[in-house]
Every structure is written in C-alpha cells, then in structure tokens.
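Remarks on the structure that follows.
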Amino acid sequence: MSSALVHLIARDLRRAWIGGGALLPVAFFLLVAILFPFAIGPDAKLLARVGGGVLWAAALLAALIPIERLVAPDMASGVIDQLLTRGQAAATIAFAKLVAHWLAFAPPILLAAVPAAALLDLSTETLVRVEIGLLIGTPGLAALALATGALVAGLRGAGAIAGLLLLPLAVPLLIFGAGSLDGGVGALKLLAAVSLVLVAGAPFVAGAAIRAGLD
Amino acid sequence: MLTFDTVTCVRGGRALFEGLSFTLEQGGGALVTGPNGIGKSSLIRLAAGLLAPAAGRIAGDTPRALLTDQVSLDEELRLARALAFWARLDGAGGNIAAALDALALSDLADIPVRLLSTGQRRRAAIARVIASGAPLWLLDEPANGLDTTALGLLETAIAAHRASGGAVLMASHTPITLPGAIAIDLAQRLPQLEPAI
C-alpha cells in the first residue's frame with residue numbers, strides 16, 4: 001500500500017475515535033442484545049435458539065450508527081476537495097475510508113459479541129459461529145455503510161434515508177450470516193462472496209457519489 | 001503551468017462564462033475579478049480539477065495547492081499537527097515552520113484549530129498552501145477575513161512564491177496587488193444571450 005493511503009487510513013481511524021465515536025455502535029449493539037431478552041422473556045432455550053440471529057440483526061443496526069460521520073464531514077470541511085486537488089482518486093479516498101471504518105467498527109463489535117452472547121445464553125459453539133460470520137460479514141457491512149454514507153452526504157435527514165438505503169441491501173449479508181449459524185460451510189462461503197462483492201464495489205460507488213457531490 | 005483553452009463553465013444548467021483562454025507561465029499570476037456569482041470560484045474549481053469544463057480544455061499537470069473558504073484542517077488537532085497532515089501527504093514535511101512564520105502564526109502552532117479566530121483560520125489555510133510546496137497556487141478570495149497586516153504578509157508570500165518560479169491564480173473582489181498579473185474580468189465574458197423578444 002502506498003504511504004498516502006496509509007496516511008489517510010490513519011487519519012480516518014484517529015477521527016473515528018474522537019469523542020468515543022467508535023464506541024457508539026458497540027453501545028448500540030449491546031443495547032439491542034440486552035433489550036431482546038426483555039422483549040422475548042426469560043426463556044433460556046428460546047433465547048439460545050434465536051440469539052445468534054439477534055446478534056446479526058444487532059450488528060446490522062449498529063452499522064447504521066456511524067454512517068453520517070463517514071463522508072459528510074470531510075465533504076463539508078473541504079478535505080475531500082483538498083485530496084482530489086492533490087490528484088488522489090475519489091475511489092482511493094473511499095477505499096481508505098472503508099479500511100479505516102472497518103478497523104474502527106469491526107473489532108469492537110467482535111469483542112462486544114462475547115458479553116452479548118452471554119446475555120442471550122448462547123453456547124460457545126454458537127458464539128464461535130457468530131464471530132466467524134461477523135469477521136467475514138463486517139467488511140461487507142462497512143462497505144455498505146461507506147457507500148450509503150457517500151450517497152446521502154449533504155442531504156437533509158441523511159440518517160433516515162441512509163437506513164432505508166442500507167438495510168435492504170444488507171439482507172443478503174443477514175441471510176447468509178444467520179444461515180451460517182446452523183454449522184454449514186456453504187452459507188459462510190456465500191457470505192464471503194457477498195462481502196467480497198460489496199468491498200470490491202463500494203469504493204467505486206462511493207467515489208462516484210463523492211465526485212457527483214462536487215457540482 | 002496552467003492553460004485554459006476556450007473553456008466554458010456551466011453550473012446548474014446556466015453558462016457562467018464562455019470561451020475563456022489564458023496561459024499561466026512560471027512566475028506568472030492571474031487575477032480573476034467580477035461581481036458575486038459570476039463564476040470566480042467555479043473558475044478556481046475548474047483549475048483545481050474539481051469541476052469539468054462544459055467545453056474547451058484545461059491543461060497543466062503541475063501539483064496545485066487550493067485555498068477555498070474552508071480551512072480544511074482537522075479542528076481537534078494543534079495547528080502545526082493539522083498542517084503536518086497535509087504537508088506529509090505532499091511530501092513536504094519540512095516546510096511547516098517556515099509557512100507558519102510567513103503568516104506570523106508561529107505562536108499559535110500549539111493551539112487547536114477549533115480555537116482559532118476567523119482571521120487566524122484564514123492565515124492557517126494560507127500557511128497550508130505555502131507548506132504544500134506546490135508550484136501552482138489556486139487562491140479563492142484569499143483576502144477574506146484578513147486584517148491589513150495579514151494582507152501584507154499574504155502579498156509578500158505570493159511575491160516570494162512567484163520569485164521562486166511558482167504561479168498564482170487568484171480570484172478576489174477586494175483590491176490586492178499582483179504585479180504583472182493577467183487580468184481576467186469575468187464580467188466581460190458573460191455568455192452571449194439570445195435577444196429578448
């Protein structure tokens with residue numbers, strides 16, 4: 001990787017942690033995991049059965065939280081203009097943001113899945129499957145969040161629109177992620193394929209959105 | 001360094017200017033004038049490659065440094081560190097102290113950007129341009145928010161930059177001296193309107 005790319009990733013990663021910004025999705029993730037037992041009731045068997053799917057849905061919802069902070073602030077502050085003037089491609093900028101976002105978003109979620117699994121009374125086996133699934137699926141989630149963030153940057157009520165855009169597109173990740181909980185390898189492969197497609201495509205979608213936002 | 005060849009700029013379906021041609025040589029300067037909304041900032045953004053011309057060609061591949069109305073420095077960082085982000089990206093990490101000095105900002109190097117006043121932010125943005133080491137400066141209303149002392153520092157910095165072979169394209173509606181500059185008056189370049197019936 002070029003040093004400029006590393007430099008950009010380091011900046012975005014640093015900014016992701018400002019004011020505990022990177023902790024918000026984790027707090028949200030844990031909150032959803034805590035709320036579910038209240039809604040469903042203290043039936044340990046039932047919780048253990050639906051718990052893996054709950055964690056996946058929680059991760060999906062947590063992915064929505066940082067969307068508005070991914071691209072819009074840099075568009076507003078002219079940082080994107082400065083980078084483009086320096087000859088950085090819009091897709092490169094977007095790729096750096098994708099990597100930085102995944103680094104700030106995924107590891108805390110993976111860690112938080114451990115206490116969340118305990119709250120839902122998941123077996124170790126299920127927890128391991130959830131963790132493997134999340135490890136494979138979070139790059140795809142991060143890519144979706146970035147592309148959506150770039151598309152809605154500058155719009156009023158961007159957060160709500162971002163949710164409407166992202167959630168339907170994340171359905172394949174949810175299906176194959178939750179599907180992998182049964183222990184099949186097939187679902188994991190499909191999850192990896194979806195995640196890969198999203199990671200490969202998102203920088204270009206986000207880059208085009210950034211370019212379109214200049215005019 | 002920068003050539004505009006019969007460039008037409010269209011924003012939001014409206015032609016701002018048509019058939020604009022000029023060439024900026026090493027050590028050269030061009031001063032874009034005209035009333036608000038006539039396309040001065042759009043011309044600067046065209047030169048920066050942020051907009052594409054509707055017609056015509058823009059040539060020149062020297063590195064550019066862009067000054068807009070945004071400071072584009074991370075608010076939470078100390079000024080010197082915020083400048084260092086861009087300078088490192090430009091491979092010009094050693095220029096920061098000199099750039100701060102040129103705008104009389106050396107005493108503020110350890111102050112977070114968010115605490116700077118309007119004029120200080122403007123000077124910080126100009127320091128960012130100087131520190132970039134880019135041969136071509138694109139300055140959009142650089143004099144906004146500057147007091148007379150700072151305006152003098154800006155003119156000195158521009159003169160030094162041109163003396164060392166750099167070029168400056170500047171848009172300004174306030175008087176600022178740019179000796180021997182090409183004058184681009186956009187008010188003279190309004191697109192030909194169809195006669196009203």
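Readers should treat all values here as calculations from the given coordinates under stated rules, not as data from a laboratory. Note that the coordinates shown come from a computational prediction; the quantities given were computed from them, not determined experimentally. Here the Cβ positions follow ideal geometry from the backbone for every residue, glycine too, while neighbour counts run over all protein chains shown.
Odds and ends about this structure:
- Karplus-derived HN-Hα couplings along the stretch A:45-56 (A = 6.51, B = -1.76, C = 1.60, θ = phi - 60°), whole Hz, x at Gly and Pro: 5, 4, 4, 4, 6, 8, x, x, x, 4, 4, 5
- Stokes-Einstein D for the stretch A:1-96, Kirkwood Rh over Cα pairs, 4 °C, 1.567 mPa s (µm²/s): 81 µm²/s
- The stretch A:3-212: relative contact order in percent, alpha carbon pairs under 8 Å with at least 6 residues between: 30 percent
- Eligible aspartates and glutamates near A:K45 by straight Cα distance, threshold 12 Å, same-chain separation 8 or greater: A:D121
- Per residue of peptide A:72-80, the mean number of Cβ atoms on other chains within 10 Å of the residue Cβ is 3.
- Proximal lysines to A:K97, defined as alpha-carbon separation beneath 27 angstrom and excluding residues fewer than eight positions away on the same chain: A:K189
- Nearest-0.05 FRET efficiency for A:A27 and B:R57, computed from C-beta distance (R0 51 Å): 0.45
- Scaled against the 2.2 N^0.38 Å expected of a compact globular protein of N residues, the Cα radius of gyration of the stretch A:3-212 reads 1.03.
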